[in-house]
1. If each DSSP helix of 4+ residues adds -39,500 (n - 2.57) and the sum is divided by the residues in the chain, what number results at 222 nm, nearest 500 deg cm²/dmol?
2. Between the helical axis of 156-166 and the dominant principal axis of the chain, each derived from Cα atoms, what acute angle in degrees is found, rounded to the nearest 10?
3. Note down the nm distance, to one decimal, between modelled labels 7 Å out along Cα→Cβ at residue 179 and at residue 1.
4. Per the Kirkwood treatment, what hydrodynamic radius in Å, one decimal, follows for the chain from the mean inverse distance over all distinct Cα pairs?
5. How high is the FRET efficiency from residue 66 to residue 28, r the C-beta distance, R0 25 Å, rounded to 0.05?
6. Is the C-alpha gyration tensor of region 1-105 telling us rounded, prolate or oblate? Criteria: a/c under 1.5 is rounded; beyond that, a/b larger than b/c is prolate, otherwise oblate.
7. What percent do you get for the relative contact order of region 4-127 when only Cα pairs under 8 Å and 6+ apart count?
8. Helix 38-48 versus the longest principal axis of the chain: what is the Cα-based angle in degrees, 0 to 90, to the nearest 10?
């Protein structure tokens, strides 16, 4: 079994300890370093070359987004998972534009955090379901008409969901309109976001 190595970067010791506790039962994940600020995060990544850096957005000296922009130059093998308390679209989009492979909320379950780390480690992009819908809404309201080819690649059902998202309907409202569950709507939004290459690669936004 291959082991994914991690560096945790958060300025709150209690948060880092909580992350250790949440990940301690996963035999394929190994925390090899910690940092309490942005500069420490960069030093740890350069020295330890982890598979994944789990980094908070708000930290002293360098914030998580500034750290993310520097990672490729220090350790090309390291993928970044941003762990944040902010679900706002602007934070998510900026993190992905900075080069993060994933973005997950601090309020996420241990299962979602583990899934995010494993996906990020393999180079996949992981964005929580609620966040994926927010990204899609921003896209639909701003630049959808600039990417007709990508939109045409979506199925008829995905096109329906996209139009309703653009109208500002909630997941529950879309689900009722299309006879789906809210979970199916959320998963469809994530699929659309990936098809549109909004969350598929570092330089896609």
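What follows draws every value from the coordinates through simple rules; no lab data is involved. The shown structure was predicted, so the numbers you read here are calculated from the model rather than taken from an experiment. Backbone-built Cβ (ideal geometry, glycine too); neighbour counts: all protein chains shown.
1. Here the helix-only value at 222 nm equals -15500 deg cm²/dmol.
2. Rounded to the nearest ten degrees, it is 80.
3. 4.4
4. 17.4
5. 0.25
6. rounded
7. 23
8. So the inclination is approximately 70 degrees.
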